[in-house]
Amino acid sequence: MGEQPERYDYTRAQVPGPLTAEMEARQAERRRAQKALRKQREREDREAQLLLEQEQEEKKRFALLSDREKRALMAERRFASQLKDSGASLTNTRRCWFCGESLLGCIPFHYLDFSFCSTNCLQAHPQQESHK
């Protein structure tokens, strides 16, 4: 139609007008924008799905804790929140007796008067004591 406008009756054949370079550029831009929006939505959906899976895993782990452990965990969270709100540092928190890792936010393992961050530290402590 663009090359031979008089050859056929394009209106009777219901052929739309010829595409100009400007019209093609607009359509290409529109397609790119739609593709970018679709990718953004897919990315947001993946992130939402990941957060949902993490929440489900957290619920499952929390459900397996004993009542005593749940209360201790909530108390530690409140304590950490209070420290964060007051701007104080966490230098006074309890630490693993073996490696020095902070016990804030985790459920420590106890042996006599010692607290440990993991079973590896718990098992390694008596071995270290016997080598002294």
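Helix 119-131 sits at what angle to the longest principal axis of the chain, using alpha carbons and giving 0 to 90 degrees rounded to 10?
40 degrees
Taking the Cβ of Lys39 as the centre, find all other residues whose Cβ is under 12 Å away and add up their charges (Lys, Arg: +1; Asp, Glu: -1). Intermediate values should be presented prior to the final figure.
On the way: positive: Arg32, Lys35, Arg38, Arg41, Arg43, Arg46; negative: Glu42, Glu44, Asp45.
So the surrounding residues net to +3.
Given a 1.4 angstrom probe, I'd like the percentage of the accessible area of segment 1-121 that is carbon and sulfur, rounded to a whole number. Intermediate values should be presented prior to the final figure.
Values: 5440 of 10480 Å².
Result for segment 1-121: 52 percent of the exposed heavy-atom area is carbon or sulfur.
What FRET efficiency comes out for the pair Glu22/Glu44, r = Cβ-Cβ distance, R0 = 22 Å, nearest 0.05?
0.10
Any lysines with Cα under 27 Å of the Lys70 Cα? List them, leaving off those in the same chain fewer than 8 positions away.
Lys59, Lys60, Lys84
How far apart, in nanometres, would the label points at Ser66 and Leu51 be if each is projected 7 angstrom from Cα along the Cα-to-Cβ direction?
3.5 nm
Report ³J(HN,Hα) in whole Hz for each residue of segment 37-47, in order, from the Karplus equation J = 6.51 cos²θ - 1.76 cosθ + 1.60 where θ = phi - 60°; Gly and Pro get x.
5, 5, 5, 4, 4, 5, 4, 5, 5, 5, 5
Starting from the Cα-Cα distance between Gln34 and Phe79, subtract it from 0.36 nm times their residue separation and give me the gain in nm to one decimal.
Length gained between Gln34 and Phe79: 11.4 nm.
Measuring with a 1.4 Å probe in the full set of protein chains, what accessible area per residue, in whole Å², belongs to the chain?
Working: 11410 Å² over 132 residues.
Ligands and nucleic acids excluded, the figure is 86 Å² per residue.
For P(r) over Cα pairs in 5 Å bins from 0, in percent, pick the label among [x] 2, 8, 10, 10, 9, 9, 9, 9, 8, 8, 8, 6, 3, 1, 0; [y] 2, 8, 12, 15, 17, 15, 11, 8, 5, 3, 2, 1, 0, 0; [z] 2, 8, 9, 10, 9, 9, 7, 6, 5, 4, 4, 4, 4, 4, 4, 4, 4, 2, 1, 1, 0 that corresponds to the value derived from the coordinates.
[z]
The values are calculated or read from the model by the stated rules, or taken from the named source; none is laboratory data. A quick note: this is a predicted structure, and the numbers were derived from the prediction, not measured. Note that we place each Cβ from the backbone using ideal geometry, even for glycine, and neighbour counts take in every protein chain shown. When the accessible area is computed, the model is the full protein with side chains, heavy atoms only, and any ligands, DNA or RNA have been set aside. Shrake-Rupley method; radii C 1.70, N 1.55, O 1.52, S 1.80 Å.
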